[in-house]
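Here's the structure, in structure tokens; my notes come after.
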Amino acid sequence: MVTITTEVATTARWDDVQHALTGGGDGASCQCIWPVLSNKDWNTTTTPQRIEMFRAEIDDGPPPGIIAYVGGEAAGWIRIGPRTRQARVPRTRIIAAASTEPFDDESVWAVTCFVVRREHRGAGLNLELLRAAVDYARGSGARLIEGYPVDTGGERKRTNDLFHGTLGTFLSAGFTEKTELKPGRALVTLDLTP
């Protein structure tokens, strides 16, 4: 049995974050900066600039995500944090129209990205990452977590189309489906109030 562990993404774990992001897919070029930039700003940045932005975000804290380890090797990543720090969320029309939470509320957090290295896919890492992210959010004072997953309807999808996570993963972690954002995408929430 392979051991899966998780850790928050701190400056000391920068190399592990990079290892998790660069195992196939768009993680290496995106650097998980897409959720924090407007489309205009995203389109004017280069990968080296995104790497520096992401490093600065981690250095400044609080940690913007969680790393999953398989047998001690960094194998996956999830971005979670206050929606107020993820500029793309309120600028995404389908989310802005569907969410009933005020976008200036620091206690509302969002899960916006999953990355799993190619060799570790299909091993349940996304669910482990999401559970760790929920614990991290709860411990950080979050009141509610939103997610915007893909509803695969049981069909296989391209990995790069699944960075939002899948509806099944969120439901397995205790989230509730609130509404359809558009065909194939859902708004899910998890209330963390006692």
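Structure notes:
- Any hit, region 109-132, residues being in contact with a Gly (Cβ under 9 Å, 6 or more places away or on another chain), part of a strand (DSSP E or B) and either surrounded by fewer than 21 Cβ atoms within 10 Å (Cβ to Cβ) or among the polar types (S, T, N, Q) (or both): yes
- Of the residues making up region 2-25, not one is among the aromatic types (Phe, Trp, Tyr) and either over 17 Å from residue 53 (Cβ atoms) or in a strand (DSSP E or B) (or both).
- Matching residues, region 26-52, being surrounded by 15 or more Cβ atoms within 10 Å (Cβ to Cβ) and either part of a helix (DSSP H, G or I) or out of contact with any Lys or Arg (no Cβ under 8 Å at 6 or more places or on another chain) (or both): 26, 27, 28, 30, 34, 35, 36, 42, 45, 50, 51
- Filtered residues of region 92-108 (kept if exposed (fewer than 13 other Cβ atoms within 10 Å of the Cβ) and aliphatic (A, V, I, L, M)): 96, 97
- Residue selected from region 53-74 under the condition assigned to a strand (DSSP E or B) and aliphatic (A, V, I, L, M), by the criterion farthest from residue 123 (Cα to Cα): 66
- Breaking point among (1) touching a Lys or Arg at 6+ places or on another chain (Cβ under 7 Å); (2) of a type outside the set (Ser, Thr, Tyr); (3) crowded, with 17+ Cβ neighbours inside 10 Å; (4) not in a helix (DSSP H, G or I), for residue 89: (4)
- Residue that is surrounded by fewer than 17 Cβ atoms within 10 Å (Cβ to Cβ), within 23 Å of residue 24 (Cα to Cα), at pLDDT 95 or above and not hydrophobic (A, V, I, L, M, F, W, C), where the choices are 57, 73: 73
- All told, residue 179 falls short of being hydroxyl-bearing (Ser, Thr, Tyr), over 17 Å from residue 81 (Cα atoms) and in a loop (DSSP other than H, G, I, E, B).
The values are calculated or read from the model by the stated rules, or taken from the named source; none is laboratory data. Quick caveat, the model's predicted, so the values are computed rather than measured. Because the Cβ atoms are built from the backbone with ideal geometry, glycine has one as well, and the counts that use them run over all protein chains shown.
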